[in-house]
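Asks: What follows is a single structure, and I will ask about it in a moment.
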Amino acid sequence: FFVDTRDKHNLLRPETVESLFVMWRVTHNQKYRDQAYSIFKSFRKWAKVDGAGYSSLSDVTVQSLQERSFRDHTESFFFAETLKYLYLIFADDSLMPLDKYVFNTEAHAFPI
């Protein structure tokens, strides 16, 4: 596949894991947890900065850890949304059940 040079970064955005969370809760199909875990492992492998947390990546097309370049920036949504949805995918369904809570676009849970 082709990745335009202007689009080869990764900001650690939440939309994919949010979708996986909803699909897991609705279907309980293990593939959604598996995909979420794969994303989590990739964040740990590619976006973790030794002793400093996580950073957005400048280029996702590189083939080795030595070639990766950090953007020296982490958006707050990585912690507030991306990691929250990753946690909830693996938490018990009784924690914030979808028939009792709704999430807004910033991943804040509101009781129904």
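The values are calculated or read from the model by the stated rules, or taken from the named source; none is laboratory data. Treat the numbers as computed from the prediction; the structure is a model and nothing was measured. Quick reminder, even Gly has a Cβ in these numbers, built from the backbone with ideal geometry, and neighbours come from all protein chains shown. Note: accessible area is taken over every heavy atom of the protein model, side chains too, but ligands, DNA and RNA are not part of it. Shrake-Rupley method; radii C 1.70, N 1.55, O 1.52, S 1.80 Å.
Asks: Round to the nearest 10 and give me the degree value, 0 to 90, for the angle of helix 30-42's Cα axis relative to the longest principal axis of the chain.
Replies: The helix 30-42 is inclined about 40 degrees to the chain.
Asks: Taking Cα atoms, how many degrees apart are the long axis of helix 15-27 and the longest axis of the chain, rounded to 10 and kept between 0 and 90?
Replies: 30 degrees
Asks: Using θ = phi - 60° and the Karplus form 6.51 cos²θ - 1.76 cosθ + 1.60, what ³J(HN,Hα) does each residue of the stretch 71-78 get, whole Hz, x for Gly and Pro?
Replies: Result, rounded to whole Hz: 8, 6, 7, 10, 5, 5, 5, 4.
Asks: Compute the accessible area per residue over the chain, keeping the other protein chains in place, probe 1.4 Å, unit Å².
Replies: Result: 66 Å² of accessible area for each residue.
Asks: Can you list the lysines whose alpha carbon sits under 28 Å from that of Lys8, skipping same-chain ones fewer than 8 residues off?
Replies: Excluding near neighbours in sequence, the set is Lys31, Lys41, Lys45, Lys48, Lys84.
Asks: Would you calculate a helix-derived [θ] at 222 nm for the chain, using -39,500 (n - 2.57) for each DSSP H run of n ≥ 4 and dividing by the full residue count, to the nearest 500?
Replies: When only DSSP H runs of four or more count, the value is -9500 deg cm²/dmol.
Asks: Now, a different point. Give me the percent relative contact order of the chain, please, defined on Cα pairs under 8 angstrom at least 6 residues apart.
Replies: 30 percent
Asks: Which value, in Å² rounded to 10, gives the accessible area of His73 with a 1.4 Å probe and all protein chains present?
Replies: Near enough 90 Å² of accessible area.
Asks: Just Ser58, Ser38, Ser94 to compare: in a GNM of the chain, with alpha carbon springs under 10 Å, which one fluctuates most?
Replies: Evaluated over the chain, the most mobile residue of the options is Ser94.
Asks: Suppose every Lys and Arg Cβ carries +1 and every Asp and Glu Cβ carries -1, with no other charges. What dipole size does the stretch 41-112 come out with about its Cα centre, to the nearest 20 debye? Numbers along the way, then the final one.
Replies: Values: 8 positive and 10 negative charges, 43 e Å.
Its charge dipole is roughly 200 debye.
Asks: On to the next question. Quick one: which residues, 5+ away or cross-chain, put their amide H under 5 Å from the amide H of Tyr54? H built at 1.01 Å from N.
Replies: So Tyr54 has HN proximity to Val49.
Asks: Counting only protein heavy atoms and using a 1.4 Å probe, what share of the accessible area of the stretch 1-87 belongs to carbon plus sulfur, as a whole percent?
Replies: Carbon and sulfur together cover 51 percent of it.
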